[in-house]
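Comments concern the structure below.
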Amino acid sequence: MSSSETTETTKTTPTTETTQTTETTGPASDTDAPDTDTTGSDTTGSDTTGSGGTGGERTGAVRLRQVTHRYGAVTAVGPVDLTVPAGEFLVLVGASGCGKSTLLRLIAGFEQPTHGSVRVSGAAPRPGRTAGVVFQTPRLFPWRTVDGNIDLALRYAGVDRARRAERRARLLARVGLEGTGGRRTWEISGGQRQRVAIARALAAEHPLLLLDEPFAALDALTRERLQEDVRRVAAQTGRTTVFVTHSADEAVFLGSRIVVLTKGPGTVALDLPIPLPRGDVDAGELRESREFGELRARVAHAVKAAAAA
């Protein structure tokens, strides 16, 4: 881990915030209450984005039709028509107040649209069941260890107790946190805590991963490292991913497609495919390439124009 991710020593106040798997309570220690799982096997096998959605849609595909959402008399977003094919990495980018996070909450099922419909894999989204979600602030249980936070997510995902240790080790290795399992969340850095949040969101192996400005509060070096991690994980798992950001640079680096939203109420101002290589590429070379610079400039111009319109 880089020097920018040195351990922080300030404790955070315990919260009762739910995890991405919708648990609202948990034991006060890392010893779980007796399991009530009846599956008897690991229900979270290898990542897939194959068929199996309702209504003939591929698992993980997202479809928004004439979606508008209001808070009282204020229209936050819409109307928006948007289709995200299974396996795509879509980045929503725009100025503050344009409705990016509102769209993400609608896709997660945390809120219902005022008008229109949202479908994931052909069905209405269900909170904690449709997607793994990573928030701007890691919503971890500070009285649990890193292992304990991951184990709780695995438990609620229906993973058999006997297979959790192996699955947890794979998740922590995937986000570069080998050897940290026994530490409390307040004993690790902000960047490491966000890695734990990503690992926990991956625990249930939902076909859809949603990330709401997860790196906004991090220093530049840590942010770049985590961007590389998320890009790699998305390529490895093939999950449909929707990522919210203000940054044109971050959007171009991460996305296979970028949607720029107008100022509120947000509508689609630009829908741009990103023809950059998605495989095993050098991140530094990619960021310094002419194609990357041109795309970044185009997206930045579109964001400014949409905010001023």
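The values are calculated or read from the model by the stated rules, or taken from the named source; none is laboratory data. Computed from a predicted model, the values in this text were never measured in an experiment. Cβ: placed from backbone, ideal geometry, glycine included. Neighbour counts: every protein chain shown. With ligands, DNA and RNA removed, areas are computed over all heavy atoms of the protein, side chains included. Shrake-Rupley method; radii C 1.70, N 1.55, O 1.52, S 1.80 Å.
Odds and ends about this structure:
- Top-ranked residue of segment 255-269 - restricted to ones that are open to solvent by 30 Å² or more (accessible area, probe 1.4 Å) and aliphatic (A, V, I, L, M), ranked as nearest to residue 78 (Cα to Cα): 268
- Some residue of segment 244-254 being in a loop (DSSP other than H, G, I, E, B) and open to solvent by less than 30 Å² (accessible area, probe 1.4 Å): no
- Those residues of segment 201-219 which are assigned to a loop (DSSP other than H, G, I, E, B) and surrounded by 24 or more Cβ atoms within 10 Å (Cβ to Cβ), in sequence order: 206, 207, 214, 215
- Tallying residues that are at pLDDT below 90 and either closer than 15 Å to residue 134 by Cβ or not in a helix (DSSP H, G or I) (or both) within segment 233-243 yields 5.
- Screening 127, 142 for residues that are part of a loop (DSSP other than H, G, I, E, B) and in contact with a strand residue (DSSP E or B) (Cβ under 7 Å, 6 or more places away or on another chain) leaves exactly one candidate, 142.
- As for segment 274-283, it holds at least one residue that is at pLDDT below 95, open to solvent by less than 30 Å² (accessible area, probe 1.4 Å) and in contact with a helix residue (DSSP H, G or I) (Cβ under 6 Å, 6 or more places away or on another chain).
- Going through (1) of a type outside the set (A, V, I, L, M, F, W, C); (2) within 28 Å of residue 126 (Cα to Cα); (3) part of a loop (DSSP other than H, G, I, E, B) one by one, residue 182 falls short only on (2).
- Count of segment 255-309 residues, restricted to those that are part of a loop (DSSP other than H, G, I, E, B) and more than 21 Å from residue 244 (Cβ to Cβ), is 7.
- Residues that are open to solvent by 20 Å² or more (accessible area, probe 1.4 Å) and under 12 Å from residue 244 (Cβ atoms) were ranked within segment 96-129; the one that is farthest from the chain's Cα centre (by Cα) is 96.
- If only residues of segment 40-78 that are open to solvent by 70 Å² or more (accessible area, probe 1.4 Å) and modelled with pLDDT of 55 or more are counted, the one that is farthest from residue 121 (Cα to Cα) is 73.
- Across segment 155-193, the qualifying residues are those that are under 21 Å from the mean Cα position of the chain (by Cα), within 22 Å of residue 136 (Cα to Cα) and of a type in the set (D, E, K, R), and the one among them that is least open to solvent (accessible area, probe 1.4 Å) is 193.
- Residues satisfying the stated conditions in segment 134-152, i.e. buried (at least 20 other Cβ atoms within 10 Å of the Cβ) and out of contact with any Asp or Glu (no Cβ under 8 Å at 6 or more places or on another chain): 138, 140, 141, 146, 149, 150
- Among the candidates 105, 193, residue that is part of a helix (DSSP H, G or I) and within 21 Å of residue 208 (Cβ to Cβ): 105
- Listed by first and then second residue, the pairs with beta-carbon distance under 8 Å, at least 6 apart or on different chains, first residue in segment 188-215 and touching a residue at least 60 places away in the same chain (Cβ under 8 Å), second acidic (Asp, Glu) and open to solvent by less than 10 Å² (accessible area, probe 1.4 Å), are 189/5; 190/5; 191/5; 192/5.
- Restricting segment 252-294 to residues that are within 18 Å of residue 198 (Cβ to Cβ) and small (Gly, Ala, Ser), the residue that is nearest to the chain's Cα centre (by Cα): 255
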